[in-house]
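Okay, structure first, notes after.
The values are calculated or read from the model by the stated rules, or taken from the named source; none is laboratory data. What you see is a predicted model; the values in this text were computed from it and never measured. Positions of Cβ are generated from backbone atoms using ideal geometry, with glycine treated the same way; all protein chains shown enter the neighbour counts. Protein only, heavy atoms only, side chains kept; ligands, DNA and RNA dropped before computing areas. Shrake-Rupley method; radii C 1.70, N 1.55, O 1.52, S 1.80 Å.
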Amino acid sequence: MTEPVPHWRRHAFNVAAMRDLARAKLPRPIFDFADGGAEDERTLRRNESAFADVDLLPRPLNGAATRDLSIELFGRKLRLPVIVGPTGLGGLFWPDGERCAARAAAAAGTAYCLSHGSVCTLEQLAETGISPRWMQVFIYRDRGFTTELTERAAKANYDALVLTTDNQMLGNRERDLRNGFTIPPRFGLNGLAAMALKADWLWRMRNDLKRITFGNYLRPGESTDIKSLAGRMAALLDPSMSWTDVADLRKLWTKPLILKGILHPDEAKMAVEHGVDALIVSNHGGRQLDGAASSLDALPAILDAVGGRVPVLIDGGIRRGADVVKALALGAKACLIGRPQLWGVAVAGEAGVARVIEIYRQEIDRAMGLCGVTSLDQIDKSLLLTKRIGPSA
Ligand SMILES: Cc1cc2nc3c(=O)[nH]c(=O)nc-3n(C[C@H](O)[C@H](O)[C@H](O)COP(=O)(O)O)c2cc1C
């Protein structure tokens, strides 16, 4: 007998629908924690709307009966150019949320990046055996702690290290202020009422809520209290971070090193000069500096500055397969998704993330077929009519 299709699955026909499903399932403060951006959320909105300013010029007569969505990155084949990006507190959305998402990514044949702020530890994620797995870190005031995390990632056999550069001071996320949501999650009366209204989530999380913590920051014998850990984490981040730190990390980490949070072409050039292996053009999904350029708007100048010396990846506002095709047509190697995978986790754990990745796969495949391209290396500027970026090459 075939299993009945779950209710959510019938409705999860695109990423926006997955967001709606997540909104219906999660307590408001938790939904907003993931969904929101900094201040007036201009950068958040622009991340998405920038894709509407880039138009595709299809050539269906090229014939594209079969399409190959795979790419090669750091010598590994990925089955599609969509990677699951690092998002903190994944385990707040679903029990063991990070490992669910990682399994879904691996099953789909793509990479998963664990956040510094995951609920599970980086060792627990590694125990799943999923690969490629990337680890995201920061530069801490105590440089010894950056070293410690990096060495732990090396010992746990992570395939790449991602240094996020745009989070040394926490962005001003006003939805969280309005909802009384803080990191660590603490709920006022309204928050508690919102939680109680979402009985499914509350029931599912009943055992895990007590254990929500920043797993990677725990030290033997220290308090597991997320409140003291979050305080320590915020105090740990160092806004005086500089290129010396990148150079030090480069010496310490021998596998691929990726810089995430690059928007300025000068920084992109410097990164390449410091021996970085790839860049992620990103503004942290509009969660940090409101008013920062959207990732897609920043991409062309960065590609010019890099001149093909290292792969350039992008995240922020990628909600459709056609968005991925547009980013690749401009010259990006691959895209990362942040919120969409969290919406998937919130809706159905591993199956939800699997569905989100499948939506991108189907949409990219369809867009390629309609454009008349059979492989990703055929996607270039000749596929674009852009109003702002100028005529195609
Ligand atoms: C809830 C949440 C938590 C995040 N945590 C991290 C993090 O710990 N480290 C990091 O580098 N980026 C983090 N990000 C940023 C994402 O990696 C990514 O840059 C961004 O979400 C991409 O935009 P998108 O959500 O529009 O796809 C987080 C994003 C969200 C939504």
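Tabulated results
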{"quantity": "Residue within region 21-39 that is under 14 Å from residue 285 (Cα atoms) and away from the ligand (no atom under 12 Å from the Cβ) present", "calculated": "yes"}
{"quantity": "Region 34-82, residues that are β-branched (Val, Ile, Thr) and open to solvent by 50 Å² or more (accessible area, probe 1.4 Å)", "calculated": "66"}
{"quantity": "Looking only at region 329-355, and only at residues there that are within 11 Å of the ligand (Cβ to nearest atom) and β-branched (Val, Ile, Thr), the one that is farthest from residue 199 (Cα to Cα)", "calculated": "337"}
{"quantity": "Which numbered condition residue 117 fails, given (1) open to solvent by 10 Å² or more (accessible area, probe 1.4 Å); (2) within 12 Å of the ligand (Cβ to nearest atom)", "calculated": "(1)"}
{"quantity": "Neighbours by Cβ (under 6 Å, 6+ apart or cross-chain): first from region 108-119, under 10 Å from residue 87 (Cβ atoms); second within 13 Å of the ligand (Cβ to nearest atom) and among the β-branched types (Val, Ile, Thr)", "calculated": "113/162; 115/87"}
{"quantity": "Among (1) open to solvent by less than 10 Å² (accessible area, probe 1.4 Å); (2) under 27 Å from residue 116 (Cα atoms); (3) not acidic (Asp, Glu), the one test that residue 364 misses", "calculated": "(2)"}
{"quantity": "Number of positions in region 74-101 that are within 12 Å of the chain's Cα centre (by Cα) and among the small types (Gly, Ala, Ser)", "calculated": "4"}
{"quantity": "Residues being assigned to a helix (DSSP H, G or I), away from the ligand (no atom under 15 Å from the Cβ) and either under 18 Å from residue 382 (Cα atoms) or within 17 Å of the chain's Cα centre (by Cα) (or both) - total across region 302-321", "calculated": "2"}
{"quantity": "Tally of residues being within 16 Å of the ligand (Cβ to nearest atom) and more than 25 Å from residue 159 (Cα to Cα) across region 252-294", "calculated": "8"}
{"quantity": "Criterion (at negative phi and surrounded by 16 or more Cβ atoms within 10 Å (Cβ to Cβ)) met by exactly one of 13, 31", "calculated": "31"}
{"quantity": "Matching residues in region 271-307 - criterion: being open to solvent by 30 Å² or more (accessible area, probe 1.4 Å), aliphatic (A, V, I, L, M) and in contact (Cβ under 8 Å) with a residue 40 or more places away in the chain", "calculated": "289, 293"}
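So that you can scan it fast, the table gives a plain yes or no per residue for (1) within 16 Å of the ligand (Cβ to nearest atom); (2) surrounded by fewer than 23 Cβ atoms within 10 Å (Cβ to Cβ); (3) farther than 22 Å from residue 38 by Cβ; (4) β-branched (Val, Ile, Thr):
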| site | (1), (2), (3), (4) |
| --- | --- |
| 110 | yes, no, yes, yes |
| 129 | no, yes, yes, no |
| 136 | yes, no, no, no |
| 150 | yes, yes, yes, yes |
